[in-house]
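The structure under discussion appears below in the form of structure tokens.
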Amino acid sequence: QGKFTLLRDTRTDGSFLVHHFLSFYLRAGCKVCFVALLQSFSHYSIVAQKLGVNLTAAKEQGQLVFLEGLKSCLDLVFGEEEEQPGQPSPLQFLSESTSDLRALFDFVRVSLAAPAGDAWKGPVLLLDDLSVLLSLGATPVAVLDFIHYCRVCVCSRLKGNVVVLVHSSEDSEDEENELVVNSLCHHSDLILWAEGLATGFCKDVHGQIRIIQRVSLQQAGEQDLVQIYQYKIQDRNVTFFARGLSAAVL
Amino acid sequence: LVFAEEDKYGLYSNLLFKYFLAEGVVCGHDLFVASAKEHPDNILKELPAPLLDDTYGKELGDEAAAIKSEDFQDSMKIAWRYQNLPKMEASPTSYTKFGHYYDVSKKMSPELIQSVKWHSFYLHEELSSQPKMKTCNMNDAYARLLQSLQRIISQGGFDGSDPQKKQKNVLRIGIQSLGSLLWGDDICCSDTPEDVHSLTKFLYVLRGLLRKSLSACIVTIPAHLIQNKAIMERVTNLSDVVVGLESFIGSERETNPLYKDYHGKFHLQQ
């Protein structure tokens, strides 16, 4: 509880981790606020069905608050009616000259604020993916401020968890993105780093995952715990195995 | 959303662009063609002709009749059952259900093009109208293109907004040379462009439009001209498929014996 998990991918698609955490927290009975910036609701819904979770039902019961970034953006850009004064669009920063993500944070805060008698266990904020905010014109400082506010609200006050996906690569020339990713790495309690294999595409091993538990944050002088596994993504689950020991080799 | 990085002289990316549109015509999809460089009418006049069964057979018949008319009279005596089959193998299209073959040396007939509904967006003809949407600090030309696209999608019922429409059709969108100077964007000429986010904002809204409608889109971009590589990384993250075309024209690889059978390289980036 109260943990910040960073999902990071390099040279591969780490969204399988997002799908995992989404269904994991919903099955655990947590209240989830999912800020989905890159894909549509039906995309996540179809994958969640394979993992045994019904997103539509979760939304109707109030367990899942889903922000579909693409749809919100279209409503903002092409919407003709003036928004109600009390409810600005969460993606307000797109149309305004100020690039702070206050409206987005307010959305998250309101979604996870538990009304009295709420049956759900611990709140969770899930974000896919943060790098898109930079593409839409938010400055790195604004993005880091937003994450900071979310951590204070969700992790400290509400004792919930935050899971965020970012993209990165070693020889990236996107300095703003690297800045955000490095800063988040320093503040994360757990980092799950999915990387494509250095040798290229392989049918049986889709990539390698590095699990870094930031023990150094809790106890000074301790080293972070790093574990490395390789993985293969299948239709309904992901299999992990020690490096070099995929089923195809044994 | 398919993103194609253009080759240096744009020859092969143009070809890929035309193949995409030609496939749309043959499948009966609606087309939307946007360009700041060439008028869409001209682009559509130059689509490659499809290799269809009857045209192939017809040509063959004419040729054969002109040259060897006496052969047709020879009837088969032992294998007479085979008499009625065409003399040569039927063209590949009879076996494929997915995709068609095209003859690049021939142009598609105007009748075939007229059989589908197509919309065009030629930037220089659109400059007079004012966009009604919030431009979100986006480049004017991009904003107009989005406006036009959104209008076609909702009027054509591609997003399911018109329940009266019985037959659902697919909209094939082709956008040529996005990001080039002709669109008013300076990312291709300067290392520190004035507005770094216009193109990526445009792509995000485009992605939203594609996700909520029955459409497929190909965008070509002169990536070799973009100095700021960070933009290309962000563009890659926002697209579903990214391919890069690298032609050997004018480079030392043209004369390299290793590459003598090829005209260029096709990079599958994502």
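The values are calculated or read from the model by the stated rules, or taken from the named source; none is laboratory data. This is a predicted model, so every value here is computed, not measured. Methodologically, a virtual Cβ is constructed for each residue, glycine included, from the backbone with ideal geometry; neighbour enumeration extends over all protein chains shown. Protein only, heavy atoms only, side chains kept; ligands, DNA and RNA dropped before computing areas. Shrake-Rupley method; radii C 1.70, N 1.55, O 1.52, S 1.80 Å.
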*Which residue fluctuates the most in chain A, going by a Gaussian network model with Cα springs under 10 Å, if the choices are A:LEU125, A:LEU70, A:LEU37?*
A:LEU70
*asked:* Just to be sure I understand the interface: list residues from region B:219-244 that lose 40 Å² or more of accessible area between the chain on its own and the complete protein assembly, 1.4 Å probe.
replied: B:GLU233, B:ARG234, B:ASN237
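How would A:THR10, A:THR139 rank on accessible area, largest to smallest, probe 1.4 Å?
Details: A:THR10 0, A:THR139 60 Å².
These residues rank, largest area first, as A:THR139, A:THR10.
With an 8 Å Cα cut-off and a minimum separation of 6 or more residues, compute the relative contact order for chain A in percent.
Working: 443 pairs, mean separation 63.4, N = 250.
Relative CO of chain A lands at 25 percent.
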*Given the rule -39500 (n - 2.57) for each run of at least 4 DSSP H residues, summed and divided by the residues of chain A, what is its mean residue ellipticity at 222 nm, to the nearest 500 deg cm²/dmol?*
-9500 deg cm²/dmol
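Counting only protein heavy atoms and rolling a 1.4 Å probe, how much accessible area do B and A lose on contact, total for both sides, in Å² to 100?
2300 Å²
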_Dimensions in Å of region A:117-250 - Rg and Dmax from alpha carbons_ = 17.4, 53
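Can you pull out the GluC sites (Glu not before Pro) in region A:144-209 whose DSSP state is coil and whose Cβ has at most 15 other Cβ atoms within 10 Å?
A:GLU170, A:GLU173
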*Write out the trypsin sites (Lys or Arg not before Pro) in region B:146-239 meeting two conditions: DSSP loop, and at most 15 other Cβ atoms within 10 Å of their Cβ.*
B:LYS165, B:LYS166, B:LYS168
*Compare each residue of region A:155-178 in its chain alone against the assembly with all protein chains, and report those whose accessible area goes down by 30 Å² or more; 1.4 Å probe, heavy atoms.*
A:HIS167, A:GLU173, A:ASP174
*asked:* Using amide H atoms built in the peptide plane, which far-off residues or other-chain residues are under 5 Å from A:ASP100 H to H?
replied: none
*Note, ³J(HN,Hα) from phi for region B:202-214, Karplus 6.51, -1.76, 1.60, rounded to Hz, x at Gly and Pro*: 4, 5, 5, 5, 4, 4, x, 5, 5, 5, 9, 9, 8
*Heavy-atom accessible area, 1.4 Å probe, ligands and nucleic acids excluded: residues of region B:188-218 down by at least 10 Å² from chain alone*: B:HIS197, B:THR200, B:LYS201, B:TYR204, B:VAL205, B:ARG207, B:GLY208, B:LEU209, B:ARG211, B:LYS212
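Past 29 Å, Cα to Cα, is the threshold; run B:LYS117/B:LYS212; A:LYS3/B:LYS212; A:LYS159/A:LYS232; A:LYS50/B:LYS229; A:LYS59/A:LYS159 against it and keep the listed order. List each step's numbers first, then the result.
Details: B:LYS117/B:LYS212 21 Å; A:LYS3/B:LYS212 35 Å; A:LYS159/A:LYS232 33 Å; A:LYS50/B:LYS229 37 Å; A:LYS59/A:LYS159 22 Å.
Beyond 29 Å: A:LYS3/B:LYS212; A:LYS159/A:LYS232; A:LYS50/B:LYS229.
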*asked:* Only sites in a loop by DSSP and with at most 16 other Cβ atoms within 10 Å count here; which trypsin sites (Lys or Arg not before Pro) in region A:203-250 make the cut?
replied: A:LYS203, A:ARG236, A:ARG243
*asked:* Counting heavy atoms of the protein chains only and a 1.4 Å probe, report the per residue accessible area for chain A as a whole number of Å².
replied: 49 Å²
*Determine by what factor the alpha-carbon radius of gyration of chain A differs from 2.2 N^0.38 Å, reporting the quotient.*
1.04
_Span from the region B:171-204 Cα centroid across to the region A:1-24 one, whole angstrom_ = 31 Å
*Just grab the label-to-label distance for A:VAL238 and A:ALA28, each label 7 Å out from Cα along the Cβ direction, in nm (one decimal).*
1.6 nm
